[in-house]
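Step one of this worksheet: look at the structure below.
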Amino acid sequence: MSSVSKRILVTGGAGFLGSHLCERLIADGHDVLCVDNYFTGRRANIVELLNQPFFEAMRHDVTHPLFVEVDEIYNLACPASPVHYQHDPVQTTKTSVIGAINMLGLAKRLKAKILQASTSEVYGDPVMHPQPESYRGNVNPIGPRACYDEGKRCAETLFFDYYRQHNLRIRVVRIFNTYGPRMLPNDGRVVSNFIVQALRGEPITLYGDGSQTRAFCYVDDLIEGFVRMMNAPDDITGPMNLGNPVETSIAELAELIVDLTGSRSRVVYRPLPADDPIQRCPDITEAKTILEWQPKTDLKTGLSRTIEYFDKLLAKGPGLEHEATA
Ligand code: NAD
Ligand code: UDP
C-alpha cells in the first residue's frame, strides 16, 4: 500500500488491462474512478471491485467531455484487438484522438498527471529490430490498421504538444502484445483465439505461414510497468516501450498452446491479414535503466495461468462466459 492515497481515473477501466490496473490501484490504497463505455469491456471484469468503498464505475464515452475531480489519469479507453478496432474504424480514430483531447483537457484543468496507453503499432510493420523508442515507424496511413495506428500516433502528438505548450505532466507508454486472464473469448487476438480453440478442440487458425513474430508480455508485469512509469519523476515523459523482449513466432505460439492444453486441435492456415506486421519485438533498455523494470513472467508460466482462466470460463457454458472468473 502506498503512503499517499490519490484519486485516480482509469479510462477503459472495465477492459482487459484496465480492470487489472484498477485492481492494483485499489490494492495500493487509492480512490479509483473507472470510466468505460463497455464496447469491449465488461462489468464482470470489475464486479469484484464494485463493493469496495474506494472504487466507482461510470458508464461514459471518452469522445464526450468528462467533468470529474482526480489527481491522476490513466487513459486506456480504446479497443485493442484488430477485429474490434476495425469493426467501426471511424469510431476507433475518434476514441483515440477526441478521447485524448478530452482527457488532456481534463488533466490541464485539474493540473493532473496523465498517462497514455500507446502501442507498438505506432511502429507499423517495422524495418528495424528490435524496436527502440527512437524508431519512427513504418505505418500505412490508409490501410485497415490505420484507424488504430494513426489514432494512437496522433494521440502521442497531442500528449507531447500539451506537454510543450501547457507544461502538462505526461507519460506515454508503448505497449507490446500483452495477454492474460480477462481477455474476452471472442477478443480476436492471437493468445485468446488459440487458447479458446485448443480448449474447445477446434482448429487453430494460423494466419499466413506463422513465421511472423510478436513478443508476449504477461499482464501483471505490464501493470507494474504502468505504475512505475506514472510514479517516475516528471521529466520522464516517455515514450517508453513496455513489453517482454522474447521474440516468438506465431507458429511456435500455436505449438506451445497445443502442448500446454494437451489439445488434439490441428492447425489450419488462413490468409495473413493486410498490413499484419512481420516482425515485432521491443527494445526495453530504457524501461530497464530508467524504471528498473523488466518482465518476470516467462511465456509458459503466463500462458498456463491464462489457460486456467479460460478453462474455468468455458466450463460455465455458452451464454455464461461473460460472468466473472478472475
Ligand atoms: P480492451 O479492449 O480490453 O480494453 C479497452 C477498454 O476501453 C474496453 O473496456 C472498452 O469498452 C473501452 N472503450 C473503448 N472505447 C471507449 C470509449 N470511446 N469510451 C470509453 N471507453 C471505451 O483492450 P486492452 O488490451 O485492455 O487495451 C487497453 C489499452 O491498452 C488500449 O488503449 C490499447 O490500445 C492499449 N494497448 C493494449 C495492448 C495489449 O496487448 N493488450 C497493446 C498495445 C496497446
Ligand atoms: N493471428 C493468427 N491467428 C489468429 C489471430 C491472430 O495467426 O487467430 C496472428 C496475426 O495475424 C498476427 C499475430 O497473430 O500476426 C498477432 O495478432 P493479434 O491480433 O493478437 O495482435 P497484433 O497483430 O495487433 O499484434
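The values are calculated or read from the model by the stated rules, or taken from the named source; none is laboratory data. Note that this is a predicted model, so its numbers are computed, not measured. Note that each Cβ is placed from the backbone with ideal geometry, even for glycine, and that neighbours are counted across all protein chains shown. Please note that ligands, DNA and RNA were not included when accessible areas were found on the heavy atoms of the full protein model with its side chains. Shrake-Rupley method; radii C 1.70, N 1.55, O 1.52, S 1.80 Å.
Brief remarks on what is shown
- With Cα atoms defining each centre, segment 273-311 and segment 30-103 are spaced 23 Å apart in the structure.
- Placing a label point 7 Å from the Cα of K316 along the Cα-to-Cβ direction, the residues of segment 191-233 whose backbone N falls under 16 Å of that point are 196.
- R0 of 22 Å, Cβ-Cβ distance T248-M128: FRET efficiency to nearest 0.05: 0.70
- The solvent-accessible area of F55, taken with every protein chain present and a 1.4 Å probe, is close to 20 Å².
- Across segment 128-143, rounded Karplus estimates of 3J(HN,Hα) from the backbone phi angles (6.51 cos²θ - 1.76 cosθ + 1.60, θ = phi - 60°) give 10, 9, x, 8, x, 4, 6, 5, 8, x, 9, 9, 7, x, 10, x Hz, Gly and Pro being marked x.
- Residues whose amide H comes within less than 5 Å of that of V173, counting only those at least five positions distant or on another chain, are Q116, S118, M240 (H built at 1.01 Å from N in the peptide plane).
- Within the accessible surface of segment 1-90, defined with a 1.4 Å probe on protein heavy atoms only, the carbon and sulfur portion equals 53 percent.
- Furthest towards positive pole of dipole, N167, C217, W293, structure part the chain, Cβ charges: N167
- Cα-based reach from K300 at 20 Å (exclusive), listing aspartates and glutamates while leaving out same-chain residues under 8 positions away: D220, D221, E224, E247, E252, E255, D259, E308, D311
- Size of electric dipole in the chain: Cβ of Lys, Arg +1 and of Asp, Glu -1, about Cα centre, debye, nearest 20: 420
- Solvent-accessible surface (1.4 angstrom probe) belonging to H166, in square angstrom, nearest 10: 70
- Whole-percent carbon and sulfur share, accessible surface of segment 190-263, 1.4 Å: 47
- Order of exposure, largest accessible area first, which applies to M128, M58 with probe 1.4 Å: M128, M58
- The chain: calculated mean residue ellipticity at 222 nm from DSSP helix runs of at least 4, using -39500 (n - 2.57): -11500 deg cm²/dmol
- With contacts taken as Cα pairs under 8 Å and at least 6 residues apart, segment 140-218 reaches a relative contact order of 25 percent.
- Per-residue accessible area (protein heavy atoms, 1.4 Å probe) orders L206, L17 as L17, L206, starting from the largest.
- Relative to the longest principal axis of the Cα atoms of the chain, helix 16-27 runs at roughly 50 degrees.
- Accessible surface area normalised per residue over segment 88-212 is 39 Å², counting heavy atoms of protein chains with a 1.4 Å rolling probe.
- Two-site FRET efficiency, H87 against L260, from Cβ-Cβ distance with R₀ of 35 Å, rounded to 0.05: 0.70
- For K111, the lysines whose Cα falls under 28 Å of its own Cα, not counting residues fewer than eight places away in the same chain, are K6, K94, K152.
- Karplus-derived 3J(HN,Hα), 6.51/-1.76/1.60, for each residue of segment 43-55, Hz, glycine and proline x: 4, 4, 5, 10, 4, 5, 8, 5, 8, 7, x, 9, 10
- Anisotropy class of segment 37-105 from Cα gyration tensor, a/c 1.5 cut: oblate
- Table column - 3J(HN,Hα) (Hz), segment 274-286, Karplus curve with 6.51, -1.76, 1.60, x for Gly and Pro: 4, 6, 5, x, 7, 9, 8, 7, x, 8, 10, 3, 5
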